[in-house]
Amino acid sequence: MSVQIAARMGRIKPSPSSAATDRLAQLRREGRDIVSLLVGEPDFDTPAHIRRAAIEAIEQGQTRYTQTSGTLELRQAVTEKLQRENGLGYAPGQVIVTVGAKHAIFNALAVTVEPGDEVIIPAPYWVSYPDMVLACEGEPVRVACPEADGFLLTPAALEAAITPRTRWLVLNSPSNPTGAAYSTVQLRGLADVLLRHPQVMVLTDDIYEHIRFDGEATPHIAAIEPALKDRTLVVNGVSKTYAMTGWRIGYAAGPAAIIAAMDMLQSQSTSCTTSVSQAAALAALRAPMDFLPDWVATYRARRDRAVALMNAMPGLRCTAPVGAFYLFIHCGGLIGRRTAEGTLLHTDLDVAMFFLESAGVAVIGGTSYGLSPYFRISIATGVEVIEEACRRLAAAIATLRD
Ligand SMILES: Cc1ncc(COP(=O)(O)O)c(C=O)c1O
């Protein structure tokens, strides 16, 4: 019998960030000296009080299955967090704990998207959204959000993208890859459009909400327009705020019918998330976030340094993002130029390849995020790494010719 892979797998491709990370590992194994600006996770350790809570959970025997949707205590803590920080009231039965925010988004789409249903994804976007929609046999509708609009979806662009088949709008604020965040006024404008289209549900990916450099709180569309709350799914998790990417805890809160369907799917697939990680996430959500201002200040200093260095290079420019830990850098000034070997740089993917091969610096081309010509760097890495990367990029760019 020959091995056969289901046709729906042909709809998706590997995550470009995972592919780039694999390529980086391969080059390093071959002995190449590569500076990586790929990392999509905090470079801090999970805070000590959270680590201790996990160790205590193990010692106390919290090592068995929990309810599929997560322990009642953790779901209760999630509802308290959503009330306290986002002004959104939920009951524990409207919350499900998942294997990271990614799992929550995937399962939400899996239980709601029919073949051919459309999901509006403002571009640039986190690389996984379109492929998750495709895996669920839906149609991603990528809506370009140019830099002139602050990389944000405008009400007019939203209105133009909605059709009778639109099932979801995905909002990610602050965003990966741009760090752009919606203001209350901007969300009000989007909410006004959504009120006219009751078939459209809203999935908010709030994973970077606390990583902000402007001192502002991140407003939530369902708190601004309570009439949208019954068709909004809030997705969040502990990965980025608490430096807990490997613990794999996310959650979703929203309409009971969606949560119940996600619960059923999860009960027949992964079951509950890791019990020990749930105990750690409980400690994270219940304790003060007093470690966070220092972390944000560190990201901010790196952001400022990286923005200054990038803008000093001919052919590159970038604005300082409001949040998250990435820069989305315009590289239009390098397109159309040639490497010393004569290779023409047609696209931002060519630019990323040139940076890797000629400078030994790993970045991801904007094409992967749905907007060109840009590339993304992560600033979740030491300032000395950023400085070394920029020194190498400047040297490589100096070798380009017209
Ligand atoms: C926008 C966005 N959402 C979700 C995730 C995944 O989060 P988690 O680790 O909770 O699955 C990421 C990770 O890079 C992300 O950038």
Does the stretch 372-402 hold any residues that are surrounded by 23 or more Cβ atoms within 10 Å (Cβ to Cβ) and of a type outside the set (Gly, Ala, Ser), and which are they?
TYR374, PHE375, ARG376, ILE377, ILE379, CYS390, LEU393
Which one is nearest to the chain's Cα centre (by Cα), of the residues in the stretch 185-232 that are within 27 Å of GLY366 (Cα to Cα) and among the hydroxyl-bearing types (Ser, Thr, Tyr)?
TYR208
Mind checking which residues of the stretch 163-181 are touching a helix residue (DSSP H, G or I) at 6+ places or on another chain (Cβ under 9 Å) and over 17 Å from TYR125 (Cβ atoms)?
none
Residues in the stretch 285-298: is at least one aliphatic (A, V, I, L, M), under 18 Å from LEU393 (Cβ atoms) and more than 23 Å from the chain's Cα centre (by Cα)?
no
Return the residue satisfying two criteria in turn: it lies in the stretch 173-212 and is charged (D, E, K, R) and not in a helix (DSSP H, G or I), and of such residues it is surrounded by the fewest Cβ atoms within 10 Å (Cβ to Cβ).
ARG196
Please determine, by comparing only the residues of the stretch 1-44 that are of a type in the set (Asp, Glu) and exposed (fewer than 10 other Cβ atoms within 10 Å of the Cβ), which one is nearest to ALA135 (Cα to Cα).
GLU30
Apart from one, (1) touching a Cys at 6+ places or on another chain (Cβ under 9 Å); (2) of a type in the set (A, V, I, L, M, F, W, C); (3) crowded, with 19+ Cβ neighbours inside 10 Å all hold for ALA312; the odd one out is (3)
With respect to the numbered conditions (1) out of contact with any Phe, Trp or Tyr (no Cβ under 8 Å at 6 or more places or on another chain); (2) within 15 Å of the ligand (Cβ to nearest atom); (3) not hydrophobic (A, V, I, L, M, F, W, C), which one is the sole condition not fulfilled by PRO124?
(1)
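Quick grid of which residues meet (1) more than 16 Å from the ligand (Cβ to nearest atom); (2) hydrophobic (A, V, I, L, M, F, W, C); (3) surrounded by fewer than 21 Cβ atoms within 10 Å (Cβ to Cβ); (4) within 17 Å of VAL78 (Cβ to Cβ):
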| residue | (1), (2), (3), (4) |
| --- | --- |
| VAL235 | no, yes, no, yes |
| ALA252 | no, yes, no, yes |
| LEU292 | yes, yes, yes, no |
| PRO321 | no, no, no, no |
Sole miss for GLY215 among (1) at positive phi; (2) within 16 Å of the ligand (Cβ to nearest atom); (3) surrounded by fewer than 17 Cβ atoms within 10 Å (Cβ to Cβ) is condition (2)
Can you tell me which residue among GLU56, GLU118 is of a type in the set (Asp, Glu) and buried (at least 20 other Cβ atoms within 10 Å of the Cβ)?
GLU118
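Listed here are the residues, each with its yes/no results for (1) more than 16 Å from the ligand (Cβ to nearest atom); (2) farther than 30 Å from PRO373 by Cα.
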| residue | (1), (2) |
| --- | --- |
| ALA53 | yes, yes |
| GLU56 | yes, yes |
| LEU72 | yes, yes |
| ALA91 | yes, yes |
| ALA104 | no, yes |
| VAL113 | yes, yes |
| SER128 | no, no |
| THR154 | yes, no |
Given the condition closer than 30 Å to TRP295 by Cα, of a type in the set (Val, Ile, Thr) and under 22 Å from the mean Cα position of the chain (by Cα), answer yes or no: does some residue in the stretch 175-184 qualify?
yes
For a quick check of your reading of the model, give me the residue pairs whose first member lies in the stretch 229-251 and is under 17 Å from GLY323 (Cβ atoms) and in contact (Cβ under 8 Å) with a residue 60 or more places away in the chain, whose second is more than 9 Å from the ligand (Cβ to nearest atom) and of a type in the set (S, T, N, Q), with beta-carbon atoms closer than 8 Å and at least 6 apart or on different chains.
VAL235/THR204; TYR242/THR46; ALA243/THR46
Consider the stretch 323-355. How many of its residues are among the aromatic types (Phe, Trp, Tyr) and more than 16 Å from the ligand (Cβ to nearest atom)?
2
Of all residues in the stretch 245-271, which are of a type outside the set (S, T, N, Q) and touching a strand residue (DSSP E or B) at 6+ places or on another chain (Cβ under 8 Å)?
ILE249, GLY250, TYR251, ALA252, ALA253, GLY254, PRO255, ILE258, ILE259, MET262, ASP263
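Values quoted throughout were computed directly from the atomic coordinates according to the rules given, and no laboratory measurement underlies them. The shown structure was predicted, so the numbers you read here are calculated from the model rather than taken from an experiment. Every residue, glycine as well, gets a Cβ built from its backbone with ideal geometry; the counts of neighbours run over all protein chains shown.
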